[in-house]
Amino acid sequence: MRHFVNSVRKSSSSALLAALAMVVAAGCTQQPERVDSAPPTPTGRQALPARAVYDPPAKFDTQAGVLLPWEATSGLLSVGGTWLGNGRIPVALHKDKVYVATLDRLLAFNTTTGSLTATITPTADALSVLRQDDRNNAAPPAITPGLNPLVLAPFFVRQPGVGTQAAKNFVEFTATNAASDKIDWRLPLALPSWTKEGSPRTVSVVGTSEKVAVVTVSTGESSLFSAATTYGIDLTTRRVLWTKDRFEATAVTGNIVAGELETTDEYAAARGYDLLTGTERWRGEDRLNLDVKPAGPHLLLVQAQNKSDYRVHIRQFLDPATGEVKHETPDDFIDSRCDHDGQNTVVCSWDQGNLQKVWAFNDRTASLLWQLPDQTANRIAPQVTAVWNGRIYGKTNDGPLALDSQTGADLPTRPGAAPFLVNGYTGLALSPFPEDDLTAYPATE
């Protein structure tokens with residue numbers, strides 16, 4: 001009997017030591033933990049203190065990361081952690097919240113509590129449902145400026161037939177209150193007649209002011225049949241102000257919506273329309289392979305080939321209010337993504353494997369301020385991941401870094417992470433092991 005008792009004690013001690021070892025190991029690892037269900041939200045005395053805000057953040061706490069829902073990166077990353085396609089992330093940041101869009105739902109995620117606080121779905125049946133490992137082809141949601149922001153997200157949906165009423169497809173445009181994460185209102189958008197010939201593949205909120213949002217439906221770049229329709233939506237009266245077929249909006253700046261108007265089956269022209277009325281404000285020439293991109297609040301980047309000679313490539317910065325050419329791009333400028341720094345600089349970056357280039361332009365004159373690589377100074381160009389409030393975030397083989405957007409100078413504080421989206425509360429970057437999860441890291445400096 002005594003021998004049995006001693007055996008039990010030895011086994012219990014071993015189990016206790018093993019359990020303690022597991023706890024210690026888990027505490028040392030400090031890996032972010034994915035949240036698949038929403039934990040109870042702190043209320044009353046348990047409420048968390050207000051998060052500190054840094055403008056802009058100099059450093060992120062990489063030991064306190066919270067993994068975002070799987071929908072944020074589903075099917076969008078290669079094995080090595082490279083964004084596929086155009087690198088557009090279906091995510092928007094607002095304070096300490098992250099909004100993740102899919103073709104059938106909008107998720108609200110709190111980076112302070114690590115909880116999923118709301119799931120917004122359309123009232124009608126979504127035409128496509130995202131399942132894990134499917135590619136998330138949704139556009140990022142848009143957040144309106146102002147004191148009472150709305151989170152805007154459109155869905156392709158189908159209303160089933162009833163009696164003699166035939167079934168129909170349409171876009172359900174949703175406006176969610178950013179403070180409560182509850183739907184404020186919904187608006188059905190009738191699909192254009194061309195959708196009978198080519199199925200719409202993309203729907204996105206291109207841009208928004210406090211009063212008007214612009215939504216574009218298109219077949220997408222991979223479709224043989226190319227078409228697009230753009231809607232101007234009054235956010236106050238909750239109605240469609242204007243509709244333009246064959247026009248694909250790409251930028252909303254001030255009171256102008258700009259983009260590409262298909263003029264023939266082969267050519268397109270840059271156009272600028274009044275945001276409130278939809279009336280034409282300016283028109284560009286017909287071009288081949290036209291691409292119009294936003295380049296901050298005061299510039300558009302237009303890239304195309306000449307109509308009469310396709311070997312002539314056109315790369316220009318235009319004034320979005322008038323269509324006037326402000327500046328030609330440098331000779332070595334390559335098709336790139338441009339981001340405004342929130343102050344007075346536009347940063348354009350190009351990334352092709354191990355080769356990167358970065359240019360910085362004045363956001364009004366489009367004059368070149370600096371560029372990398374700079375062989376005379378023995379400086380290489382980083383892979384730019386985000387630009388926000390005077391700071392460029394990115395990485396080289398040496399790890400994450402930050403640059404001053406106006407001068408291009410290296411900043412002394414290493415950020416610890418290379419965020420793809422950033423605000424004063426948090427930076428969204430890929431977790432290092434493995435690089436296949438989008439993680440919210442809190443700003444600390």
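A short reminder: the numbers here are calculations on the coordinates, not readings from a lab. This is a predicted model, so every value here is computed, not measured. As a convention, Cβ positions derive from the backbone with ideal geometry for all residues, glycine included, and neighbour counts pool all protein chains shown.
Just to confirm the number: angle between the C-alpha axis of helix 2-29 and the first principal axis of the chain, 0 to 90 degrees, nearest 10?
30
Which trypsin sites (Lys or Arg not before Pro) in the stretch 57-137 pass both tests, a DSSP loop state and at most 12 other beta-carbon atoms within 10 Å?
Within the stretch 57-137, the qualifying trypsin sites (Lys or Arg not before Pro) (loop, at most 12 other Cβ atoms within 10 Å) are 131, 135.
Expressed as a rounded percentage, what relative contact order does the chain have, with Cα pairs under 8 Å and six or more residues apart?
The normalised contact order for the chain reaches 13 percent.
Name the residue farthest towards the positive end of the dipole of the stretch 329-399 from the options 329, 340, 353, assuming +1 on Cβ of Lys and Arg, -1 on Cβ of Asp and Glu, about the Cα centre.
Among 329, 340, 353, the one farthest towards the positive end of the dipole of the stretch 329-399 is 340.
Given the -39500 (n - 2.57) contribution per DSSP H run of 4+ residues, what per-residue ellipticity at 222 nm results for the chain, rounded to the nearest 500 deg cm²/dmol?
One gets -2500 deg cm²/dmol as the mean residue ellipticity at 222 nm.
Which pairs, out of 168/244; 97/244; 244/395; 97/293; 244/357; 326/357, put more than 31 Å between their alpha-carbon atoms?
Result: 97/244; 244/395; 244/357 exceed 31 Å.
With volume of the Cα convex hull per residue in Å³ defined as stated, name the option among (1) 188; (2) 207; (3) 170 computed from the structure displayed.
The listed entry that was calculated here is (2).
Can you return the aspartates and glutamates within cross-link range of residue 211? Criterion is Cα-Cα under 12 Å, with same-chain partners fewer than 8 residues away left out.
234
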